[in-house]
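Working notes, beginning with the structure itself.
The values are calculated or read from the model by the stated rules, or taken from the named source; none is laboratory data. As the structure is a prediction and not an experimental result, all values here were calculated from the model. Here the Cβ is made from the backbone with ideal geometry for all residues, glycine too, and neighbour counts use every protein chain on show. All accessible areas refer to the heavy atoms of the entire protein, side chains included, with ligands and DNA or RNA removed. Shrake-Rupley method; radii C 1.70, N 1.55, O 1.52, S 1.80 Å.
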Amino acid sequence: MRGIMKKIGAGLMGVCICLLAGCAHFPGGLAPSSTPLEGRKYTVLGQTEGSDNYVLLFCILPVTSANTIRRAMDRACAKGGGDALIDVTVESHSEFWILFARYVTTVEGTAIRFNK
C-alpha cells in the first residue's frame, strides 16, 4: 500500500510540474514600413529580423530590461545594415517555466537604405 501511495504522490508532483510550465504565441501586427517613405528613394538590402526579450525570475523579479518593439526593430535594422524596414511583421510569445518567465518580441522585414 505504501509503495502505491509513493507512486501516486510522484505522479501528482509530475503533473503539477507540467502545469507550471507552458508557452503562448501572440500575433503582433503588420506595417508597410517602419518610417514614412513618401517621396524618398531607397535601396532594398534584403530580409532581416531582430528580437527583444524580457525575463522574470520566479515570474516576478525582472532580470532584463523591458521588452519593446522599438528595440527589436532597431536590432533588425542594424542586423540588415539599413536605415528602415519595409514589409514589417511583429510577433511575440511568452514562455512560463518553473523558475522564470520569458517574453519575446520578434520583428521581421526587409531592410532598406535611403539614397542620399
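Annotations for the structure displayed:
- Per residue, the stretch 29-116 exposes 61 Å² of accessible surface when a 1.4 Å probe is rolled over the protein heavy atoms with every protein chain present.
- With all protein chains modelled, accessible area of residue 75 [1.4 Å, Å²]: 110
- Accessible area of the stretch 26-116 belonging to carbon and sulfur atoms, whole % at 1.4 Å probe: 58
- Only protein heavy atoms count here; under a 1.4 Å probe, residue 59 has an accessible surface of about 60 Å².
- The string of couplings for the stretch 103-113 from the Karplus curve (6.51, -1.76, 1.60, θ = phi - 60°) is 10, 10, 10, 10, 10, 10, x, 10, 6, 10, 10 Hz, one whole number per residue in order, with x for Gly and Pro.
- Residue (of 63, 81, 99) at the positive-pole extreme of the stretch 62-116, dipole from beta-carbon charges: 81
- Put simply, the Cα atoms of the stretch 53-116 extend 50, 17, 13 Å along their principal axes, the longest span coming first.
- Placed amide H near residue 45: partners under 5 Å, 5+ positions off or other chain: 111, 112, 113
- For the stretch 63-72, Karplus couplings with θ = phi - 60° (6.51, -1.76, 1.60), whole Hz, Gly/Pro x: 9, 10, 6, 4, 8, 10, 5, 4, 5, 5
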